[in-house]
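Since the structure comes first, as structure tokens, the remarks are kept for the end.
Please treat every number below as a calculation from the coordinates, not as lab data. As the structure is a prediction and not an experimental result, all values here were calculated from the model. Backbone-built Cβ (ideal geometry, glycine too); neighbour counts: all protein chains shown.
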Amino acid sequence: MTRPVSEPARSLRLLRADRLFDALAPLCQRRRWARGSVVVREGEPGASLFLVFTGALRATVAGNGGRVIELNALVPGEMFGELSLALTARTAT
């Protein structure tokens, strides 16, 4: 299910005063993922930016020997995927 982002997005603490967000909000879609789902994968082509509204996500990369290295924990009000707007592939899962 997708729908345009409106007033809930404006309540995000880190983006409240951001003019860029106001310009992008009409172009956004709201999506939900089940707990434990992978939203994007390292190495995939990407051309989208994501805002975290609720819940939490982990940004990870593949390490040597199949290890998973956690880069960051993302919480409501944070965004990810911005590098894929400038690069050809996702840099993390």
Checklist entry - Quick one: if you stick a label point 7 Å off each Cα along the C-beta vector at residue 30 and residue 79, how many nm between them? => result 1.8 nm
Checklist outcome for this item: Output row, site residue 53, 7 Å Cα→C-beta label point, backbone N cut-off 19 Å, window segment 63-93, residues 74-82
Checklist entry - Within a Cβ distance under 14 Å of residue 50, other residues only, what is the Lys/Arg minus Asp/Glu net charge? => result +3
Item to check | Calculated SAXS-style log₁₀ I(q)/I(0) at q = 0.28 Å⁻¹ - segment 37-93, Debye, Cα scatterers | outcome: -1.21
